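Worksheet for the structure shown next.
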Amino acid sequence: MLGEPGKSHFQIDLRRHLRGEGVDDALVHLICEIAEASKYVINAVRTGDLGVAGTSNLYGEEQLALDVLSDRIIRKRLIHSGVVCNIASEEMEEIFQVRSNLKGPYSVAYDPLDGSSLVDVNLAVGTIVSIYAGCDLLQPGRRQVAAMYILYGPRVSLVYSVGKGVHEFTMNHLMEFNLTRENIIMQPSGSIYSPGGLRNKYSEGDEKFIRYLEAKGAKLRYSGGFVPDINQILLKGKGLFMYPALNGSPNGKLRVLFELNPMAYLIENAGGAASNGRIPILDIVPEGLDQRAPVYIGCTEDVERAVEYQQEN
Ligand code: AHM
Ligand code: MG
């Protein structure tokens, strides 16, 4: 542990922290490259045209939607990192093989700009990243060697885990990420809840679960952005996010590879839990890149209760 409780952490930057955790050089490099890429993504989010992909701007240049632009920014960085074998992105239909590095030590699945439609209404969005050793991306999330997200809100923050605790860094005026919270821990039971999807399409079990949460006095906290919603639950240490199966969408909305696995890894490493209503998210064996699953993620007791309501109904 590098930070001391109650003391200012602003001298500890991301690279130093990773090294202090004993992370190997290639993974330190990879995580720092993604952090570098996020500086360009936040610049695009803050100042870019809110254009639609395929249209032209005033000067006749092709405009890229922010999610497409963010994808290119991150992919380019990964390709040139020299340590990446395969890349999967929510914006790409197929796995991208880095030809110059067919045996690279790591592979990365990422959602470059989750919740990108929220930029139009100036709400927070984020990048979500999942990292595996070797070239196989279709593995259960439990085999991730690292996961992280970058939240583009009023401030930019980065939360990562390499399986030894969960740590938050905040971008300073020089665009450096400095440690702000180390070893984030979740409480067993929560007092906020973020329910995604249409409630009139919830199953009976989910409806009863929501009534249970309301009866226990949980407050509704839902922004419609997975990254800020999870960030709130993780940092406050008490809450639950769900995007359940809906009538007509039995697998919910969120994707296992790009959204659920990395968040489940972070939440489990902070002492929380994540389930699809039957098994832990991290034990799902993915069959395809765009596989989706229902999700209940957050404080352990709340997730257990959600699973009970599923099984009873
Ligand atoms: P996206 O990957 O297309 O941006 O969708 C993911 C987002 C999440 O951020 C959020 O939790 C969820 O979709 C909300 O979906 P909806 O408002 O459609 O129910
Ligand atoms: Mg997404």
Checklist entry - Between the helical axis of 226-236 and the dominant principal axis of the chain, each derived from Cα atoms, what acute angle in degrees is found, rounded to the nearest 10? => result 70
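Convex hull volume of the Cα atoms in region 126-212, per residue, in Å³? Walk me through the numbers before you get to the answer.
Numbers: hull volume 15.3 nm³, N = 87.
Dividing the Cα hull volume of region 126-212 by its residues yields 176 Å³.
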Checklist entry - Of the peptides 139-145, 215-221, how do they stack up when ordered by the mean number of other Cβ atoms within 10 Å, highest first? => result 139-145, 215-221
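Count charges around residue 252 for me, please; just the other residues with Cβ under 11 Å from its Cβ, Lys/Arg as +1, Asp/Glu as -1. Walk me through the numbers before you get to the answer.
Details: positive: 201, 253, 255, 292; negative: 206, 259.
Net local charge, residue 252 excluded: +2.
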Item to check | Estimated inter-spin distance, residue 313 and residue 185, nm [label 7 Å along Cα→Cβ] | outcome: 3.4
Item to check | Relative packing of 35-43, 127-135, 180-188, which averages over residues the other C-beta atoms within 10 Å, highest first | outcome: 127-135, 35-43, 180-188
Checklist entry - Against the longest alpha carbon principal axis of the chain, how many degrees, from 0 to 90 and to the nearest 10, is the axis of helix 300-312 turned? => result 60
Checklist entry - Helix 25-47 versus the longest principal axis of the chain: what angle, 0 to 90°, nearest 10, using Cα atoms? => result 80
Checklist outcome for this item: Here P(r) for the chain, Cα-Cα distances in 10 Å bins, as whole percents, is 6, 28, 35, 23, 7, 1
Next on the checklist: How far apart, in nanometres, would the label points at residue 164 and residue 40 be if each is projected 7 angstrom from Cα along the Cα-to-Cβ direction?
Outcome noted: 3.1
Next on the checklist: I need the peptides 112-118, 169-175 ranked by packing, meaning the mean over residues of other C-beta atoms within 10 angstrom, with the highest value on top.
Outcome noted: 112-118, 169-175
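Fully extended, how many nm does the chain gain between residue 11 and residue 136 (0.36 nm per residue separation, minus their Cα-Cα distance)?
Working: separation 125, 0.36 × 125 = 45.00 nm, distance 3.63 nm.
41.4 nm is the gain from fully extending residue 11 to residue 136.
Rule-based calculations on the coordinates, nothing more; no lab input. Owing to the predicted nature of the structure, the values given are computational and were not obtained by experimental measurement. Cβ coordinates were reconstructed from backbone atoms using ideal geometry, including for glycine residues, and neighbour counts include every protein chain displayed.
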